[in-house]
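A quick write-up on the structure given underneath.
Values quoted throughout were computed directly from the atomic coordinates according to the rules given, and no laboratory measurement underlies them. Note that the coordinates shown come from a computational prediction; the quantities given were computed from them, not determined experimentally. Note that we place each Cβ from the backbone using ideal geometry, even for glycine, and neighbour counts take in every protein chain shown.
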Amino acid sequence: MKYNFYAGPAILAQEVMQEASRAVVEFNGMGFSILEISHRSKEFIAVMDEAVSLAKELLNVPEEYEVLFLAGGASLQFAMAPMNLLDASMKAAYTDTGTWASKAIKDGKLYGQVDVIACSKDANYSYIPRGYEIDPSYRFLHITSNNTIFGTQYQSFPETSVPLVSDMSSDIFSRVIDVNKFDLIYAGAQKNMGPAGTTLVIVKKSALGKVNRQIPAMMNYQNHIDSASMYNTPPVFPVYVSMLTLRWIKRNGGIAGIQKKNEAKAAALYGEIERNSLFYTPTNHEDKSKMNVCFLLHDKEKEKQFLANCKSAGCIGLEGHRSVGGFRASIYNAMTLEGVNQLIGVMQDFEKVNG
Ligand SMILES: *Cc1c(COP(=O)(O)O)cnc(C)c1O
């Protein structure tokens, strides 16, 4: 048995991959693979419709929002979001809580005035900033809800009248959220929803059409809304697998059910890091991510040995990002408590030998 702790592309539910693999051979009794059917076929249109309606149902998306499945990755949204929402004469606020947030800031600056109103770079992004003022005149406040690399996560969103825009690539569908606070949510599929290749966008319709610039067709949310995510050929297979994952979430108690399991997994793993004399987490206690758990050995010399032990126990993908070092256990929705317990067992055995 292998347990997949990679940060992304990342673990998907076994039953989703089994069904997806059958569809690669033959989809829906059509005599063709999902990979070779027209995106205009009624069979694929039904897939797209179901993906959109499941996303709406699971996240309780209000009427005045649209759900899109686009291509280009979350990184394209760093530009698309300000291009569509921020006129050159407007100001937007961003928080800088890590690598992805910094990239969003860099692109945001191309389209309007961007103020970085809070930043946690001073402590290698190990915490989520608090206690900063948010001027109500900002067009939006951009945040990264979960920092995949540094293992921090907003446990609650900033209290403000300013509409939020959030990159939720690594915690979408992991916990209940109130979509009403957001003008825009985007998330690349490959962390918690499906294979790489599609990006979920949830956008408030009334937030669009308020900028003066020319927007290229493929970058214009309104074009994608008007064509129901079929302005051009959509990423057919990633959308299909995402739809299967959303069905799987629904079967598993919806987001509330998944959230409970995620909380139990995170509590077990952080509990062991705290208890075990060999390990520690660099992450500020209140901001610890329930998706990406960063931890280190006090004795760096033993890192290679620990990773080797993890590997022999079937725990794969635990190398920390180079900017943090140590280890990162990504415990997305599809990771089981059994997988987390397997890793905990390796940590406990390591302490018996090295403690
Ligand atoms: C992985 C990740 C991205 C980048 O996603 P791409 O689809 O590769 O562009 C952006 N933001 C966050 C929070 C991520 O985890």
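How big is the Cα convex hull of region 84-152 in projection, averaged over all directions, in nm²? Provide the component values of the computation, followed by the final result.
Details: hull surface 18.2 nm².
It is 4.6 nm².
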> If you add up the charges near residue 325, with Lys and Arg at +1 and Asp and Glu at -1, over every other residue whose beta carbon is less than 10 angstrom from its beta carbon, what do you get?
Replying inline: +1
> Which Cys in the chain stand alone, with every other cysteine's Cβ at 4.7 Å or more from theirs?
Replying inline: 119, 294
> What residues qualify as long-range amide H neighbours of residue 315, i.e. H under 5 Å apart, gap of 5 or more or another chain, H built at 1.01 Å from N?
Replying inline: 3
> Given the chain, what percent of its DSSP beta bridges are antiparallel, to the nearest 5?
Replying inline: 55 percent
> Out of residues 5 or more away from residue 152 or on other chains, whose amide H comes under 5 Å of its own, with H placed 1.01 Å from N in the peptide plane?
Replying inline: 147, 289
> Could you give me the ³J(HN,Hα) list for region 346-352, computed from phi with Karplus coefficients 6.51, -1.76, 1.60 and θ = phi - 60°, whole Hz, x at Gly and Pro?
Replying inline: 5, 5, 5, 5, 5, 5, 4
> Relative to the present Cα-Cα distance, how much length would full extension add between residue 302 and residue 263 at 0.36 nm per residue of separation?
Replying inline: 11.1 nm
> When the Karplus curve 6.51 cos²θ - 1.76 cosθ + 1.60 is applied with θ = phi - 60°, which whole-Hz ³J(HN,Hα) does each residue of region 25-35 get, with x for Gly and Pro?
Replying inline: 7, 8, 9, 6, x, 7, x, 10, 7, 4, 7
> Considering only DSSP beta bridges whose two residues both sit in region 101-237, what percent are antiparallel, to the nearest 5?
Replying inline: 45 percent
> Whose amide H sits under 5 Å from the amide H of residue 10, counting only residues 5 or more places off or on another chain, with H placed in the peptide plane?
Replying inline: none
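At 222 nm, what helix-only mean residue ellipticity would the chain give, in deg cm²/dmol to the nearest 500, using -39500 (n - 2.57) for each DSSP H run of four or more? Provide the component values of the computation, followed by the final result.
Values: 9 runs with 125 residues, N = 355.
After summing the helix terms and dividing by residue count, I get -11500 deg cm²/dmol.
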> If you take the beta carbon distance between residue 223 and residue 155 as r and set R0 to 35 Å, what does 1/(1 + (r/R0)^6) give as a FRET efficiency, to the nearest 0.05?
Replying inline: 0.45
> Label points 7 Å out from Cα along the Cβ direction at residue 38 and residue 26: separation in nm?
Replying inline: 2.2 nm
>> I'd like the Karplus ³J(HN,Hα) series for region 288-294: coefficients 6.51, -1.76, 1.60, θ = phi - 60°, whole numbers in Hz, and an x wherever there's a Gly or Pro.
In response: 5, 6, 8, 10, 10, 9, 8
>> As a test of the definition: which semi-axes, in Å, follow for region 14-251 when you take the square root of five times each eigenvalue of its alpha carbon gyration tensor? Largest first, please.
In response: 32, 20, 15
